[in-house]
Structure formats: structure tokens, C-alpha cells
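The values are calculated or read from the model by the stated rules, or taken from the named source; none is laboratory data. Note that this is a predicted model, so its numbers are computed, not measured. Cβ coordinates were reconstructed from backbone atoms using ideal geometry, including for glycine residues, and neighbour counts include every protein chain displayed.
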């Protein structure tokens with residue numbers, strides 16, 4: 001864990017043309033002639049919202065340095081990773097807010113305004129933030145059992161933490177459009193809920209070496225406050241899987257507690273909103289205590305790697321997962337296949353984003369080992385059009401049945417709500433009509449995706465020939481028409497960069 005800065009899969013390009021039209025066929029269901037188009041897959045690495053390698057940025061309340069809009073745009077367009085031998089195109093920025101001057105008092109209006117300005121800068125740049133608030137990210141060495149980091153650690157008591165979270169509520173709600181997710185933070189050095197003066201020190205420096213019931217209550221109180229302060233359509237990431245279990249099922253919950261099920265996912269409940277960040281991915285067999293049972297007043301601390309990792313594998317299918325590597329000590333296990341398990345780990349735990357600034361002793365090995373390009377493309381979602389079928393002609397106000405077949409090559413689905421629309425554009429006048437579908441790309445998990453729907457062509461559509469598009473915009477009106485915040489499909493020659501629309505290569509006649 002660094003004090004300043006804290007994934008064999010090839011995509012085949014089939015054929016030379018992007019879209020191949022089949023001859024029209026009769027649809028027995030609607031008695032309408034249909035046209036079907038097939039697509040070729042792109043091998044390009046390109047930016048997409050809320051996924052990929054993120055850029056790291058920090059500022060302290062005592063010396064606030066705002067985000068730089070030009071730098072965020074530069075990161076989005078592609079730039080070499082800090083300390084890396086590879087380049088990335090980043091739509092996400094991890095933003096550390098170090099509350100070093102507010103450990104015993106409320107946040108100032110000036111600080112809150114500075115954070116608001118950061119959100120405004122991110123919005124103008126076409127980026128989203130992953131904010132984490134902490135009171136210290138400095139480790140003080142000394143004469144204690146762990147040596148490299150000793151108490152006092154420098155975080156704040158529960159009463160101060162809860163007060164600060166309450167103060168941040170309006171900021172979270174007013175800027176949810178450019179928040180990808182929020183990391184729990186607040187407790188302990190780096191906001192990682194471990195080395196802490198006030199919430200139970202489970203390290204060798206602590207007298208108990210585990211967490212007691214009161215420690216769990218205090219931690220779950222902070223998580224509850226954060227869930228209440230952050231809008232219901234945004235997730236909170238916690239550092240340790242057991243914290244989610246003990247929040248959801250109580251402080252006596254066993255590590256065998258049940259993960260989320262399909263019918264519970266994306267419901268806006270607390271259980272459905274808690275994801276994970278692993279800040280020591282592939283650092284050791286248990287990722288430096290990530291899969292540890294930290295006990296309680298009546299049980300001992302113990303390793304429970306197999307059970308907790310299996311829980312996280314199942315739960316992570318439905319929640320946001322990200323983090324960073326932190327040491328190369330676990331080489332070759334943390335390398336590319338076949339020597340290492342980097343790709344399989346990222347896939348089984350459904351990673352959406354990783355830090356490109358730390359630890360590049362590990363990340364650089366992925367570049368030299370030949371799996372970095374795969375990891376860059378597969379972090380989060382990567383939706384690929386396979387085929388699409390639409391009626392060749394129909395009338396305004398008529399039901400339109402369409403079928404679109406995709407595949408998600410990524411490690412995960414979308415984790416935030418997102419709209420799916422069919423857009424019709426008149427080839428003569430350029431007038432556009434947008435038709436909502438009931439599809440939810442959060443349920444477009446890795447593998448095959450079938451989008452089939454009956455939608456009604458608006459009665460206001462004038463007769464003429466129309467080009468069709470698939471549009472996956474952000475749900476928030478503030479950025480919903482901006483191409484930087486729309487999902488690009490991984491196909492050749494389908495993306496309209498100016499509009500954020502994905503061309504389907506199908507032309508309809510509206511009578």
C-alpha cells in the first residue's frame with residue numbers, strides 16, 4: 001500500500017467490411033418484410049464511460065489543487081501511464097480528498113465549493129470521478145509491531161465522520177451525473193478501513209488484533225450514513241467483502257452469508273448498492289487480508305480465503321468492482337497467463353476499472369507479458385454487435401418488432417443505470433426521432449445478449465427513408481446528449497463520434 005498513489009483473450013476481426021446485408025425475408029409474426037444486417041468486430045481500444053484504467057489524482061483540504069480540465073481531456077485521448085510502459089485512454093479519475101485540516105471540525109464552505117468546482121471541471125472534460133475522502137494517507141514508521149506504520153494513524157472519530165458525510169450529501173446529489181461510484185473511505189489511513197485510531201485497529205499494532213462488536217457497529221454506521229447521503233442510483237465500494245456481509249446481515253454474520261441474487265440486483269436497496277474496491281489486487285494469495293475474517297467480540301480472526309472469494313465472485317456480478325495492484329511480490333502468480341492468473345482473476349471478479357498509476361511493477365509486467373491489450377479492452381463492459389433485424393417498411397404509429405444480437409466481451413456489465421434507445425434519422429432532412437426501449441444494460445452480463453422488443457414508431461414521424469441507430473446515453477439529462485457519456489459498441493465503422501450514436505446500417509421506409 002503506497003502512501004501517495006494506489007487486466008488470454010484476443011478479439012478477432014472477421015472480414016473486411018463492417019456490415020453485410022442479407023436479402024429481405026418475410027416476418028410471419030407481423031407479416032412485414034424484414035432486413036437483417038451482420039457486423040464485424042473491432043479490435044480497437046477506445047474510451048467508454050465508467051470503465052477502464054483510471055487516472056489517479058489527490059488533493060488536500062489544507063492545500064487544495066483543483067482538477068485541470070485540459071489534463072482530463074488529455075487523459076481521455078490517450079497518454080502513457082505514470083511510471084508505466086503502456087498508454088491508456090481514461091474516462092475515469094480517482095480523486096482523493098484528504099481532509100487533513102478537518103479532523104476535529106466541520107468542513108468549510110470554501111472546501112465544499114472547491115469540491116463542487118472539481119465536479120464541474122470533470123463534467124466539462126467529459127470525465128467521471130471516483131471520489132474517496134480520507135483524513136490521512138501518510139504512514140508513520142516507528143517502534144511498533146508492524147514498524148512501517150505505527151499509531152497514532154491520524155484519522156477522525158465517528159462523530160466527525162458522520163458530520164462530514166452529512167455535509168457532503170448535497171454535493172453527491174447535485175453531481176451524481178459525473179460520479180461513477182463513491183468509495184467508502186473516511187476510516188483509517190488511505191481510507192481503507194484498516195489502520196485506524198477510532199474504529200478498531202485489527203493490525204498487529206492493535207491490542208485485540210481483530211475487530212470487536214462495537215468496531216463493526218461503528219463501521220456499519222458510517223457505511224449506512226454514506227448510503228443515505230449518496231443518491232440511490234450510485235453504488236458505494238467497500239474495501240473488504242466482510243464489511244458488506246456484516247452490514248447486510250448483522251455483525252454476527254458468517255463469511256458464508258449469501259451473495260446477491262439475480263432478482264435482487266439493481267433494485268436500489270443497500271444490499272444491491274455495495275460494491276468492492278481491492279487496493280492490493282494479486283499482492284498475495286489473499287490480497288493482503290482482503291479475504292480475512294476479522295472476527296468479533298466472540299470469535300477469533302482467521303483466514304477464510306476460499307469462502308470469502310467465492311462470495312465476492314458471485315456478488316460482484318451485480319455490483320461495481322475496481323481497485324489497484326500494490327506490490328509485485330506475488331509474481332509470477334500476478335502475471336499474464338499461462339504463468340499467472342491476472343486475466344482469470346479480473347474476469348471471475350468482474351472488474352470494471354483499475355489504477356494506471358499504481359503499482360506499475362505489476363501493470364508493466366502485463367504489457368511485457370502480452371496481456372495488457374486484452375485487459376485494457378475487457379475491463380468493464382465491451383458490447384459487440386453481432387446482427388440486427390428490423391422491418392423494411394412500416395407506418396408511423398405502428399408497432400415495430402426488432403431483434404439485435406450482441407455479445408459482451410468485457411469482464412462486467414454496466415453498473416449504473418443507462419438508457420437504450422432506437423434512433424431514426426431522416427436521410428433527407430436529418431430530423432431525428434428517439435424511441436425508448438425497456439432494455440437494461442446493467443443486465444448485459446459477459447456473453448451473449450439478445451435485445452428484442454416491440455416499440456411504437458411515433459405518430460409524428462413523417463414519411464421518408466430513415467437510418468437506424470442504437471443509442472446508449474447516460475440517464476442524466478445534463479450529459480445525456482453528450483457523446484463522451486454514451487456507450488460506443490466495439491464494431492468497425494459504426495460509431496458516430498459527434499453524436500454518440502451507433503450506426504446499425506439498416507434503412508427503414510416510413511409510410
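Quick check on region 330-343. Is at least one of its residues surrounded by fewer than 24 Cβ atoms within 10 Å (Cβ to Cβ), within 21 Å of the chain's Cα centre (by Cα) and more than 27 Å from residue 233 (Cβ to Cβ)? Please lay out each step first, then the result.
Going residue by residue through region 330-343, those that are surrounded by fewer than 24 Cβ atoms within 10 Å (Cβ to Cβ) are 330-333, 335-341, 343.
Adding the requirement that they be within 21 Å of the chain's Cα centre (by Cα) leaves 343.
Remaining after also requiring more than 27 Å from residue 233 (Cβ to Cβ): 343.
Yes; the residues of region 330-343 include at least one that is surrounded by fewer than 24 Cβ atoms within 10 Å (Cβ to Cβ), within 21 Å of the chain's Cα centre (by Cα) and more than 27 Å from residue 233 (Cβ to Cβ).
So residue 180 passes all but one of these: (1) surrounded by 14 or more Cβ atoms within 10 Å (Cβ to Cβ); (2) touching a helix residue (DSSP H, G or I) at 6+ places or on another chain (Cβ under 8 Å). Which condition number does it fail?
Unmet for residue 180, out of (1) surrounded by 14 or more Cβ atoms within 10 Å (Cβ to Cβ); (2) touching a helix residue (DSSP H, G or I) at 6+ places or on another chain (Cβ under 8 Å): (2).
Give 104, 70, 120 a once-over and let me know the one that is under 17 Å from residue 485 (Cα atoms) and surrounded by fewer than 20 Cβ atoms within 10 Å (Cβ to Cβ).
On the way: 104 fails: under 17 Å from residue 485 (Cα atoms); 70 fails: under 17 Å from residue 485 (Cα atoms).
It is 120.
Rundown of residues vs (1) touching a helix residue (DSSP H, G or I) at 6+ places or on another chain (Cβ under 9 Å); (2) more than 18 Å from residue 378 (Cα to Cα), yes/no style:
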| position | (1), (2) |
| --- | --- |
| 314 | no, yes |
| 323 | no, no |
| 326 | yes, yes |
| 336 | yes, no |
| 342 | yes, no |
| 349 | yes, no |
| 353 | no, no |
| 356 | yes, no |
| 359 | no, yes |
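Every residue in region 61-97 that is within 17 Å of the chain's Cα centre (by Cα), farther than 17 Å from residue 178 by Cα and either outside any loop (DSSP other than H, G, I, E, B) or outside the structural domain of residue 370 (by TED's automatic domain parsing) (or both), please.
88
Does region 123-149 hold any residues that are crowded, with 19+ Cβ neighbours inside 10 Å and under 25 Å from residue 222 (Cβ atoms), and which are they?
Matches in region 123-149: 128, 129, 130, 131, 132, 133, 134, 135, 136, 137, 149.
Residues that are under 24 Å from residue 130 (Cβ atoms) and assigned by TED's automatic domain parsing to the domain that holds residue 239, at least 2 per element: which strands (runs of 3 or more DSSP E) completely within region 302-409 meet that? Outline the logic, then answer.
Details: elements: 321-325, 353-355, 383-391, 399-408.
Qualifying strands (runs of 3 or more DSSP E): 321-325, 353-355.
Just one of the numbered conditions (1) modelled with pLDDT of 95 or more; (2) surrounded by fewer than 15 Cβ atoms within 10 Å (Cβ to Cβ); (3) closer than 30 Å to residue 390 by Cα is not true of residue 22; which one?
Against the list (1) modelled with pLDDT of 95 or more; (2) surrounded by fewer than 15 Cβ atoms within 10 Å (Cβ to Cβ); (3) closer than 30 Å to residue 390 by Cα, residue 22 comes up short only on (1).
For region 453-484, give me the residue count where each residue is surrounded by fewer than 17 Cβ atoms within 10 Å (Cβ to Cβ), modelled with pLDDT of 95 or more and either over 27 Å from the mean Cα position of the chain (by Cα) or farther than 27 Å from residue 125 by Cα (or both).
Residues flagged as surrounded by fewer than 17 Cβ atoms within 10 Å (Cβ to Cβ), modelled with pLDDT of 95 or more and either over 27 Å from the mean Cα position of the chain (by Cα) or farther than 27 Å from residue 125 by Cα (or both) within region 453-484 amount to 9.
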